[in-house]
Amino acid sequence: MKRLLFSLLAVFISFGTMQAQRIEVVDTEGNPIPLVYLLTEEGNLVGSTDMNGVLADAKGEKTLAVTHVAYKPKLVEVSSLVNGRIVLEDLGYDIKEVVITPKPLIYVETYYRAYAYINDSLRFYQAGIMPNSYDPVKQKISTGSHTNNYGDFCPAFGANITWGARVMEFKAGEITKMTSTDFMPNGRIDQKYHSKTESSGSGRWAIRIPDGIVGRVERTDNQLRVSVDAGSLQMYANKVDGKDRLLKKRQKIEYEYQFTEIVNCDADGDSEVGDLVMYSHDWKWNGRKGRYRFIIETYTVDRGYMTKAEYSDKKKELKKTYKAVMTLDALEDFAQQHGIPALSPTMRRAILGLKSKK
């Protein structure tokens, strides 16, 4: 009998130790923060929070590096958390207000970082400075040289050109076309993706489909913050629109896509093109070598209005200044000069670890 009791006790203890460690990440006011990344001390990706600011399982990790494009990074001991809750402080990153002039082009200079993972292990990293312009009349975006960057990759992953091309395809600093009305009730997102945007408090909204909340919107006097589970939104729209072939393709590769975008709403009286502050876009899918994940973070470091000649000169100036391949240290110095959060020691080690695998 005693032996049976001890066996049952051992099973109970074993079951208890295997229970998932739920993590909840909130801001200083207790609001959930979607798309927070949690990494191991080695730089492997444990996961990211959902639209309710929750990571279902910390996978037994004792220490977590916590990062988000708009909040101050943090290193936490899981055992010290109360009910698994992590509170992040707003980064307070912003860009100067633009004085409107009659010049025809909107200029946006951005700093970007791109990460590629396979099975949550970092395999590619690229960062750089990107000049962009937008012609409101022709509605045309132009980007500058792609030489102002630093890149590193693990050779077992494959040629870095593959992921470098993906970065450039996304234009690594593309000017956002999001407007403040897109994510409001009955706005473009609701109409296109058959969702419903409903109030969740003063200046806050939730984007909902029958499966649950797939987005959160926060609107202050001068800023709009949006986080969206765009993959779920897209696949629900595929289902409603009868696009079965595309839906099955996305379901087969277990496609996921989330993003966070932050734009100023005061420079032009609205969150029009050119008022991008920062964004983070995150894709996941099943590939030949496992579970792929691709993340781009972008910060605006300068903006204004230019003539075509001034934009041409600006591109030449940046190319001349950064014509050599940038080093990681040089780009981190640039980030520091512009108030962009530095890479965490955890991520820096992971990036430098890519070099050691060559």
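The numbers here are math on the coordinates, done by the rules we state, and not lab data. Everything numeric here is computed off the predicted structure, so don't read it as measured data. Glycine also receives a Cβ, built like all others from the backbone with ideal geometry; neighbour counts cover every protein chain displayed.
Using 19 Å as the Cα-Cα cut-off, could you pick out the over-long pairs in Lys140/Lys320; Lys103/Lys140; Lys243/Lys284; Lys196/Lys239?
Violating the 19 Å Cα-Cα cut-off are Lys140/Lys320; Lys243/Lys284.
Rank the residues Met326, Met184 as a footprinting-exposure proxy: fewest other Cβ atoms within 10 Å of their Cβ go first.
Going from least to most buried by this count: Met184, Met326.
Over 30 Å between Cα atoms, which of Lys138/Lys315; Lys74/Lys316; Lys72/Lys192 qualify?
Lys74/Lys316; Lys72/Lys192, as the Cα separations exceed 30 Å there.
Kindly put His281, His68, His194 in sequence by how many other C-beta atoms sit within 10 Å of each C-beta, fewest to most.
So the residues, fewest neighbours to most, are His194, His281, His68.
Note down the net charge around Leu343, summing +1 for each Lys or Arg and -1 for each Asp or Glu among other residues with Cβ under 10 Å from its Cβ.
+2
Report the extension gain between Arg348 and Asp94 in nm, rounded to one decimal, defined as 0.36 nm multiplied by the number of residues separating them, less their alpha carbon distance.
Taking 0.36 nm per residue and subtracting the Cα distance, the gain is 89.0 nm.
Which length gain, in nm to one decimal place, applies between Trp285 and Lys192 when the Cα-Cα distance is subtracted from 0.36 nm times their residue separation?
Result for the pair: 31.1 nm of gain on full extension.
Using Cβ contacts closer than 10 Å as the measure, can you line up Asp211, Asp229 from fewest to most?
Listed from fewest to most nearby Cβ atoms, that is Asp211, Asp229.
Would you calculate the separation in nanometres between label points at Lys320 and Gln336, each defined as 7 Å from the Cα along the Cα-to-beta-carbon direction?
Roughly 2.7 nm, to one decimal.
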